[in-house]
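Asker: Sharing a structure below in structure tokens format, with a few things to ask.
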Amino acid sequence: MNIKESYSIFARFYDEYMEHVDYDLWVNFVLGQYNHHHLAGAGKILELACGTGNIATRLVKRGFDVEATDLSAEMIEIAKAKPFAAKFKQANMLEKLPTDKYSLVLLLFDSLNYLQDQDDITLLFNNVSESLKETGIFIFDVSTEKNCLDNFDGFLNIDDEDDSFLVHQSFYKAEEMIQQTHLTLFDKTGDSYKRFDEWHNQKIYMLANIKELISESKLKLLGIYRLAGKEGVPIPDEEQSDADQCFTRLYFICGADNA
């Protein structure tokens, strides 16, 4: 058995698994929020944990100056080969960022859920805050417990290709609030198959927990949304206590706390 880092063996299957995603809807939401909150015109954009670059390349195509990073070298390699490539670089989302540089920072597709330690989330928030221009914004989303229970708990899929097949299993550990995914790839070499295993663990954070972490960081919360339409639909304060059970994904809009 060969144990691989997250998004190494899965990288080549990622775009196929994400075919159902309306990336243009996500980009419209991001830019709608950008235009609503940002008053200083176009600026630099940074996407953390960019994966295979499906958001970053669309932003480049629309004329934006985009930098994008991901921890997975395999994901970055795929992203660089796409048309309208951003300035892609392999990097950890927790690395220190340039100060006062970006008008928009993105962390999408539940990448924040991969941070298991709340101190890491605080570090991320503070790094992003210091990297934002005065009127810049930070947009991130989280996968909710509803998403785990509705779409991933007990999930099993087998992707069969000519010379390989991938077994994808997901489970939700409710006591630990961890969504665990196990990927097993069998690659054909000659007359035999070689096995590779990869595990993903995502921590599920409740909305109230995220709000508390934001309040303790150098960020300020500008709004919480669900994805619908160009600017999304805001979730008012009186509905936020039920949001974890009502929506599969929540979107947070933040600015730098310059107070």
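The values are calculated or read from the model by the stated rules, or taken from the named source; none is laboratory data. The shown structure was predicted, so the numbers you read here are calculated from the model rather than taken from an experiment. Note that each Cβ is placed from the backbone with ideal geometry, even for glycine, and that neighbours are counted across all protein chains shown.
Asker: Of everything in region 45-75 that's touching a Lys or Arg at 6+ places or on another chain (Cβ under 6 Å) and of a type outside the set (Gly, Ala, Ser), which residue is farthest from Leu108 (Cα to Cα)?
Answerer: Keep residues of region 45-75 that are touching a Lys or Arg at 6+ places or on another chain (Cβ under 6 Å), which gives 53, 57, 65, 67, 69.
After this cut, where a residue has to be of a type outside the set (Gly, Ala, Ser) as well, the list is 57, 65, 67, 69.
Numbers: Thr57: 14, Asp65: 18, Glu67: 14, Thr69: 12 Å.
That would be Asp65.
Asker: Does Lys194 satisfy being basic (Lys, Arg) and over 27 Å from Asn92 (Cα atoms)?
Answerer: Values: basic (Lys, Arg): yes; over 27 Å from Asn92 (Cα atoms): yes.
Here the answer is yes, as Lys194 does meet what is asked.
Asker: Inspect all residues belonging to region 192-206 and state whether any of them is touching a residue at least 12 places away in the same chain (Cβ under 8 Å), of a type in the set (A, V, I, L, M) and surrounded by 15 or more Cβ atoms within 10 Å (Cβ to Cβ).
Answerer: Yes, some residue in region 192-206 is touching a residue at least 12 places away in the same chain (Cβ under 8 Å), of a type in the set (A, V, I, L, M) and surrounded by 15 or more Cβ atoms within 10 Å (Cβ to Cβ).
Asker: Please work out which residue is modelled with the lowest pLDDT, limiting yourself to region 207-228 and to residues that are surrounded by fewer than 20 Cβ atoms within 10 Å (Cβ to Cβ) and assigned to a loop (DSSP other than H, G, I, E, B).
Answerer: Looking at residues that are surrounded by fewer than 20 Cβ atoms within 10 Å (Cβ to Cβ) and assigned to a loop (DSSP other than H, G, I, E, B), I get Ala228.
Asker: Which ones in region 158-181 are touching an Asp or Glu at 6+ places or on another chain (Cβ under 8 Å), part of a loop (DSSP other than H, G, I, E, B) and closer than 11 Å to Gln202 by Cα?
Answerer: Hit for region 158-181 is Met177, nothing else.
Asker: Just the residues that are more than 20 Å from Glu216 (Cα to Cα) and either in contact (Cβ under 8 Å) with a residue 60 or more places away in the chain or in contact with a Pro (Cβ under 8 Å, 6 or more places away or on another chain) (or both), please, taken from region 82-105.
Answerer: Selection gives Ser103, Leu104.
Asker: In region 54-74, which residues are farther than 17 Å from Leu112 by Cα and not in a strand (DSSP E or B)?
Answerer: Quick first cut of region 54-74, residues farther than 17 Å from Leu112 by Cα only: 54, 56-67, 73-74.
Hits for region 54-74 are Asn54, Ala56, Thr57, Arg58, Leu59, Val60, Lys61, Arg62, Gly63, Phe64, Ala73, Glu74.
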